[in-house]
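Novice: Next up is a structure, given as structure tokens.
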Amino acid sequence: MSNCLQIQPIENWLSTKCSPLVIAGPCSAESREQIIDTAIELSKIPGVKAFRAGIWKPRTRPSKFEGVGEIGLEWLSEVKKITGLKLAVEVANPKHVELCLQHDIDILWIGARTTVNPFSVQEISNALKGCKVAVLVKNPIHPDLTLWLGTLERLNNAGITNLAAVHRGFYSFNKTLYRNEPLWEVPIELKRLCPELPVICDPSHISGKKEHLAAISQKALDLEMSGLMIESHIHPSQALTDARQQIMPEALAAMLEKLKVRAFSGTSDFQNQLEMLRQEIDEIDRRLIDTLMQRMEVVEKMGQYKRQNNITILQLNRWNQMLTERLALAESTGLKSEFLLKLFQLVHREAIQIQTDIMNEGVKE
Ligand code: PEP
Ligand code: MN
């Protein structure tokens, strides 16, 4: 699966060059005043090209604020007239699509709770056949790259080529620093599979609080993401949804100003130097693979030896001792012990598997 989608670059549908594209606005449209006041302030920020607002809110549990509905689209039309900003709204069913198209919404987005449902996605895609609108697809709540791709493909099959993905982090059952774990490797893999697909980061839903927004945004830009979708509210503390992660437009302006936008590639001199360093890395990785291969060959011999002598695979004392020694070594080299711990856990898991296979050799199921 590669180069799977037919995609237009963002500039083609936004009719302006922007790197990065910043989409900002409140989590939810709550009142006409809140929408217009927020949009006017946001329109003063040079990087902000589109205004987002949730009109129908997918709430995890019932009896919470579920959005103002259609009236909010009227307020958004006013925003476009006053500020000229493009408009972005979440859609979760064909009725939402129809109303958004009637109100000239420029960018629709599929939320994390909808991306997981191929029935809903297909219905939305059918409703969008022949439309020129842009569609953003948020990652599904859990880290399933295939579902994310599947949603993009369904839209693409319906003729939507103004497409981008939005990385908003992934639910974790464990308590973590962020509301949704970034698992950066997932959007990176998406980019590897579909290099033409712009990926936009939503640091607000990753972070869950305003304190981490700048760091996550910077990381996203450093990973070649094409834009940021950030929640901003004129009075964040009064917000009816996601109050802790919304920032005032002034705070957003200050944050954007501090972000470093680095070039995706450099001068030919830079590229040559980089190429030399890459070759060095390639060589080291080859040695790393050789070393791992040799290590696993010894593991195999140990497995045979344990089998001949009818000895258990896991030797807990040895494993504990190994870990302590390896982590002590890490300290002296400057490598992070957290990293080495993960690495050795992985290597150990593989070693156990190899020995288990040896123990089971010739044993009938
Ligand atoms: C939102 O953007 O307000 C939203 C509901 O996002 P997500 O689908 O990422 O949870
Ligand atoms: Mn939100």
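The values are calculated or read from the model by the stated rules, or taken from the named source; none is laboratory data. What you see is a predicted model; the values in this text were computed from it and never measured. Cβ coordinates were reconstructed from backbone atoms using ideal geometry, including for glycine residues, and neighbour counts include every protein chain displayed. Please note that ligands, DNA and RNA were not included when accessible areas were found on the heavy atoms of the full protein model with its side chains. Shrake-Rupley method; radii C 1.70, N 1.55, O 1.52, S 1.80 Å.
Novice: Might you let me know whether the range 79-91 holds any residue that is charged (D, E, K, R) and over 18 Å from ILE160 (Cβ atoms)?
Specialist: Residues of the range 79-91 charged (D, E, K, R): 80-81, 86, 90.
Of the ones still in play, those that are also over 18 Å from ILE160 (Cβ atoms) are 80-81.
For the range 79-91, residues charged (D, E, K, R) and over 18 Å from ILE160 (Cβ atoms): present.
Novice: Examine the range 308-319 for a residue that is touching a residue at least 24 places away in the same chain (Cβ under 8 Å), open to solvent by 50 Å² or more (accessible area, probe 1.4 Å) and away from ligand 2 (no atom under 16 Å from the Cβ), and state whether such a residue exists. Don't jump to the end; show me each part of the working.
Specialist: Residues of the range 308-319 touching a residue at least 24 places away in the same chain (Cβ under 8 Å): 313-314, 319.
Cutting the leftovers down to open to solvent by 50 Å² or more (accessible area, probe 1.4 Å) gives us 314.
Among the residues that remain, those that are also away from ligand 2 (no atom under 16 Å from the Cβ) are: 314.
Among the residues of the range 308-319, at least one is touching a residue at least 24 places away in the same chain (Cβ under 8 Å), open to solvent by 50 Å² or more (accessible area, probe 1.4 Å) and away from ligand 2 (no atom under 16 Å from the Cβ), which makes the answer yes.
Novice: I need the full set of residues from the range 52-76 which are of a type in the set (Val, Ile, Thr), closer than 23 Å to VAL166 by Cα and open to solvent by less than 50 Å² (accessible area, probe 1.4 Å), in order please.
Specialist: Residues of the range 52-76 that are of a type in the set (Val, Ile, Thr), as a first pass: 55, 60, 68, 71.
Narrowing the set further to residues that are closer than 23 Å to VAL166 by Cα leaves 55, 60.
Matches in the range 52-76: ILE55 only.
Novice: Being of a type in the set (D, E, K, R), open to solvent by less than 100 Å² (accessible area, probe 1.4 Å) and closer than 25 Å to VAL166 by Cβ narrows it down to one of GLU257, GLU275, GLU231, GLU250, so name that one. Steps first, please.
Specialist: Working: GLU257 fails: open to solvent by less than 100 Å² (accessible area, probe 1.4 Å); GLU275 fails: closer than 25 Å to VAL166 by Cβ; GLU250 fails: open to solvent by less than 100 Å² (accessible area, probe 1.4 Å).
Going through GLU257, GLU275, GLU231, GLU250 in turn, the sole match is GLU231.
Novice: Scan the helices (runs of 4 or more DSSP H) fully inside the range 247-365 and keep the ones with 1 or more residues being within 25 Å of LEU223 (Cα to Cα) and among the hydrophobic types (A, V, I, L, M, F, W, C). Steps first, please.
Specialist: Numbers: elements: 249-258, 268-308, 316-333, 337-360.
So the answer is 249-258, 268-308, 337-360.
Novice: Right, another one. Taking THR241 and the conditions (1) over 26 Å from ILE35 (Cβ atoms); (2) open to solvent by less than 30 Å² (accessible area, probe 1.4 Å); (3) assigned to a loop (DSSP other than H, G, I, E, B), which numbered condition does it fall short on, given that it satisfies the others?
Specialist: Unmet condition: (1).
Novice: Pairs needed: first member in the range 102-118, in the same structural domain as ILE200 (by TED's automatic domain parsing); second member anywhere, in a loop (DSSP other than H, G, I, E, B) and among the aliphatic types (A, V, I, L, M); C-beta distance under 6 Å; at least 6 residues apart or different chains.
Specialist: LEU108/VAL91; LEU108/VAL133; ALA112/ILE141; THR114/ALA92
Novice: Among residues belonging to the range 23-41 that are more than 16 Å from ligand 2 (Cβ to nearest atom) and in contact (Cβ under 8 Å) with a residue 60 or more places away in the chain, point out the one that is farthest from the chain's Cα centre (by Cα).
Specialist: Here the answer is ASP37.
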